[in-house]
Amino acid sequence: MLEVKGLRVAYGPVEALKGVDLVVPKGRIVTLLGANGAGKSSTLNALVGLAPKKAGSVLFGGRDISGLAPEQIVRMGMTLTPEGRRIFPSLSVDENLLLGGAVHSARGAIGEVREDMLSRFPILKERLHQKAGSLSGGEQQMLAIARSMMSSPDLLLLDEPSLGLAPQVVDMIFELIAGLRAQGLTILLVEQNVSLSLEIADAGYVMANGKIVLSGTAAELRDSSEIQGAYLGA
Ligand code: ATP
């Protein structure tokens, strides 16, 4: 579904990505791991047209989207749930959802997509008219994911969905992510929680200093001495 080759990003003189290659097959969860500042968020942002790309190709469903604007990319079926959720706290849950549907791939009326979201995320239905800022952290993360899903994506990019959440809530969010894959969504997941990510992912990549330094199936990565030593505390 997604094939990235030689992706480079620079913020002025700061070279954040120095040639990233990765593949995300349809219907899979692929996780992107690495230390702070390795370039994970820059990768996701560049894929949706929000970071300054200097070189490389991004094939999405076989089409080169590397020159497209973010809203065109969203319309084609790729969307990002950003780090820190970025919901609008003073707007209601419903208003946040409807904003997520503003750029829509036109595969179904927005009202139907909203109904679908409310049945997938019943807690949001209960809180529909509450201000988003009054939700718990886990509920806000669900809202951020549901808002992204309002554009009916085929590929969802998730940046640090577990950030700042209590362990039980993190488990629930990860179950939800696995559930999205079961419904046919393809997911590229950036996470600090390496052990949980490798539990739900099919494959993964490890980044360091703007490059991919290790890749494999989730099982291979779990068993690798590099991952064990650096992230899993062995
Ligand atoms: P984190 O988990 O901390 O978000 P990351 O792996 O996602 O880390 P990036 O946020 O992609 O890493 O950052 C990669 C590099 O690019 C870092 O050196 C960072 O300081 C730099 N960088 C990121 N965004 C910007 C920006 N808007 N302007 C300048 N430099 C940036």
Fill in the blank from the handout: Farthest towards the positive end of the dipole of the chain, among ALA55, LEU165, PHE121 and with Cβ unit charges of +1 on Lys and Arg and -1 on Asp and Glu, lies the Cα of ALA55
Practice task
Let me know the charge dipole size of the chain about its Cα centre in debye, to the nearest 20, where only the beta-carbon of Lys, Arg (+1) and Asp, Glu (-1) is charged.
Solution key: 580 debye
Exercise for the section: Quick one: among GLN192, GLN141, GLN168, which has the greatest mean-square fluctuation in a GNM of the chain with alpha-carbon springs under 10 angstrom? Expected result: GLN168
Completion exercise
Whole-Å distance linking the alpha carbon centroid of segment 192-234 with that of segment 89-146 is 32 Å
Exercise for the section: Please state the charge dipole magnitude for segment 88-152, taken about the Cα centre, from unit charges on C-beta atoms (+1 on K and R, -1 on D and E), reported in debye and rounded to the nearest 20. Expected result: 80 debye
Exercise for the section: Taking the chain as the reference, fit the longest principal axis to its C-alpha atoms, fit the long axis of helix 110-120 to the helix C-alpha atoms, and give the angle between the two in degrees, 0 to 90, nearest 10. Expected result: 80 degrees
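Over the chain, with the other protein chains present, what is the accessible area per residue in square angstrom, probe 1.4 angstrom? Present the calculation step by step, with values, prior to reporting the outcome.
Values: 10250 Å² over 234 residues.
Solvent-accessible surface per residue comes out at 44 Å².
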Handout entry: Which listed pairs, of LYS40/LYS125; LYS5/LYS26; LYS53/LYS131; LYS40/LYS131, have C-alpha distances above 26 Å, in listed order
Key = LYS40/LYS125; LYS53/LYS131; LYS40/LYS131
Problem - At most 14 other Cβ within 10 Å, DSSP loop - trypsin sites (Lys or Arg not before Pro), segment 1-85 - result: LYS26
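Please report the carbon-and-sulfur percent of the accessible area for segment 88-152; probe 1.4 Å, protein heavy atoms only, DNA, RNA and ligands left out.
Numbers: 1640 of 2890 Å².
Of all accessible area on segment 88-152, carbon and sulfur atoms account for 57 percent.
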Practice task
Work out how much length ALA166 to TYR11 would gain on full extension: take 0.36 nm times their residue separation and subtract the Cα-Cα distance, in nm to one decimal.
Solution key: 52.5 nm
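The values are calculated or read from the model by the stated rules, or taken from the named source; none is laboratory data. What you see is a predicted model, and the numbers here were worked out from it, not measured in a lab. Every residue, glycine as well, gets a Cβ built from its backbone with ideal geometry; the counts of neighbours run over all protein chains shown. These accessible areas exclude ligands, DNA and RNA; they are computed on the full protein's heavy atoms, side chains included. Shrake-Rupley method; radii C 1.70, N 1.55, O 1.52, S 1.80 Å.
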